[in-house]
Structures are given as C-alpha cells and as structure tokens.
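A short reminder: the numbers here are calculations on the coordinates, not readings from a lab. Keep in mind it's a predicted model, so treat the numbers as computed, not measured. Here the Cβ positions follow ideal geometry from the backbone for every residue, glycine too, while neighbour counts run over all protein chains shown.
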Amino acid sequence: MSERIARLEREAANLKVSTSAKRDGILQAVGAVAMVAGVVIAFVAYQLSLDKSDDRDIQSLVILAVSMLGLSVTGAAVFLRYSLARFLRFWLLRQLYEGQAHLDRLVGALGQPNSSDEHEVAEPEASR
Amino acid sequence: MEPSRRDRDVGVGLRANGSDSPPAAPLLELVGVRAAYGGIEVLHGVDLAVPQGAVVALLGANGAGKSTTVKVAAGLLPPTAGRVHVAGHDVTGASSHDLARIGVCTIPEGHGVFPNLTVRENLWMATQVSGRLDVLEDAAYARFPLLGPRRHQLAGSLSGGEQQMLALSRALVTDPAVLVLDELSMGLAPIVVQQLYEIVAQVAQEGISILVVEQFARAVLGIADRAAIMVNGVVAHAGTPAELQSELSSAYLGSDNE
C-alpha cells in the first residue's frame, strides 16, 4: 500500500489543476451570444439596406449582414461544442463499447469449433 | 509538506494507528473549506482530515452539510474559500475526474451505478482507469460473488444492496488510495447495511483510507477509527467513536446548551 501512497503523492504533486470547466462555460456563453447577436445584427443590417438608395451603402450593409450570419454559424458551432461535449464523450464511449462487444461476439463465434463442424456435416445432408 | 500543517490538529486528523512515528500528511484534508449553492453558504469553514489507512466517519443530521463536504472533497463543487489537500498537495479546484484518476474515488449517495447498463458494462467503465475488463471482472466477482451470476443483468434491476456492491466493486477495481462513501446505507435494510460495512471494514484492512459520510451513526461507528460530527455546516465535534458517544444525541436531537 505504501507504493500506492507514493504514487498518489507523485500524481497529486503533478496534478495540474485545470480551469477548463470555467473556460468551457465562458466559451459556451460566448457562443450563445454570438449566435443570437449574429442573427439580430444581420437582420437589422438587411432591413437598413432596404431604405438605402446608394449602392455603396447597400453593399456595405449586405456585407455586414452576411458577415454576421457567418458569426452566427460560428457561434452556434462553439455553443454546441461546449454544451454537448460531455454528452458526446459518453456517446463515443458507448459506441466504442458496442463496437468492442460486437467484435468479441464475432471472435467468439469464429472460435467455436463445434459450430463449424456441425455446419460441415449438415451441408451434404441438406444437399441430398 | 510543511511540518506545521502536518502537526496541526484539523478536527480528525490524528493518526489512527497511534504509533510514535512522525505523522504523515493526511491523504485527504479539507482546511477551512467554505462552500455555497448560489448565494447560500452551506459549509462555514470545515476542517477535516483522513489519515493514511484510517476510516473516518463524518456524521450529522439531515442538512448538516455532509454531502456538500463530500462534493467538495470529490471535486464536484469548488469551495468558495479554504483548501483541499491530497497527500499534502494542494488540489483545490481540481476536477472530479482528475481526483478519481489519481486515486480519490467517490461513491455518491443513492447507488452510484449506471442503471441502464449491465453489471458487466458498469465494470467496463472502470477499464478507462485500470486494465482489462476480464481481469477487473474476476477481481470484482471474487470480492462480491453475488454479482457474478448477474453480470448480464441491468444494474437498475438489482436490489439496493447489490447496486451498492456494484458501486463499491467498480470503485475498488480502480485501485483507489482514498475512498469516499456518501450515505452507503441509504434506503437499505439494516442487515444489508451491516453486510456492506463488513465489506468496508475488509477494504480498510487492505490499507485504503476511507471517508464515510453517514446519517445513521450506529452503522459506521463500529468500523471507524475517527469520527466527526457536523452541525450546521461546521465540524462541531471530533474524536474517536468512544469519545463522541455523548455528543451524538445532542448533535442529532439538539441540547439545552445549543
């Protein structure tokens, strides 16, 4: 057990206290704000462009609207990344387990000598 | 590891074996921990220590702050003030998975199993920390023979006691150095609780340090080396189980001088 304690001491000393949870929360909030603000600003810019007669003003506002839509898409991606990360990790774990279990079943079935013997014996009888 | 901290009595931080050798740093130590849910502070400066190889019982009535203390110790709730030390090193703010990885393993209250996974799948979760599933299964079923025949049964369909056994077995196969048990007896029959604490006593004999949080004092005091009683978010009394017998009734029922 002293070896285990020594390992605990070593690992506790090397443990870098992560602030990722706080960072994830901030990024999730930033993503949500960008997603909403992008759509709102794009809509406002587009509405403003309708009242303009000068092509240069219209182009500027349309460029702004398109940029804001881009920001909104990016914000949505960031929000999803940091809000669903934990769920996706678990989902990935489940997929890995099911894949491994499927592989184990296949290997188990291939490794059973009786089943292949029975198949070889049964086949000529069925063909008669 | 500063000598000043090692030598300080932090409630229940005395060595359990009573030897004359200099005391090692407690494996798990909470120093002046304060914690809050939103604006409501629940822990008002908790000092608690789990020495190497000792079983420490944390007792108290409902709402005393026991489970919140566990959450802080397990990294599930960051303290608003105070420090958390593991083996003498400051790990305040470390995440629960970091603490679990280094060997501080927590079994939360209310059967810490995945109910929609089978017994085998629950054990498989532990392979993320340690080793191959078949090896872990052998170890788990050797300690808890009841689980063997139920390996393909959904954990949620097991009895309460079996679920706690599964939670314990999953924790133990990860080779923990410190085990934190929160309300092991919750919702279980007294005979099952007794069986579970016999297993906990065996685990303690293997040298694993254990912090047991329990509302029903009688169940845990038989195996504890040290005990602490929480009242209103602070450790009000600490000592050996024998020393605390007289304090228990006042802690649970209140007394004239409180």
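The table below lists the values:
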| read-out | value |
| --- | --- |
| Cβ-based net charge around residue A:61, under 15 Å, with every Lys or Arg adding one and every Asp or Glu removing one | -2 |
| Ordering of B:24-33, B:108-117 by burial proxy (mean other Cβ atoms within 10 Å per residue, highest first) | B:24-33, B:108-117 |
| Å³ per residue enclosed by the Cα convex hull of the stretch A:1-100 | 144 Å³ |
| Percent of beta bridges antiparallel (DSSP, the stretch B:135-258, rounded to nearest 5) | 50 percent |
| Cα shape, the stretch B:30-100, gyration tensor, a/c 1.5 rule | oblate |
| Local electrostatic count at residue B:46 - Lys and Arg +1, Asp and Glu -1, tallied over other residues with Cβ under 13 Å | +1 |
| Size of electric dipole in the stretch B:118-258: Cβ of Lys, Arg +1 and of Asp, Glu -1, about Cα centre, debye, nearest 20 | 500 debye |
| Relative contact order %, chain B, counting alpha carbon pairs below 8 Å whose residues are six or more apart | 26 percent |
| Exercise: per-residue mean of other protein chain Cβ atoms within 10 Å, B:100-110 | 2 |
| Tensor-based shape of the stretch B:139-258 (alpha-carbon gyration tensor, a/c under 1.5 rounded, otherwise prolate or oblate) | prolate |
| Charge context of residue B:133, other residues only, Cβ under 12 angstrom, K/R +1, D/E -1 | -1 |
| The stretch A:55-87 versus the stretch B:116-141: alpha-carbon centroid distance in Å | 44 Å |
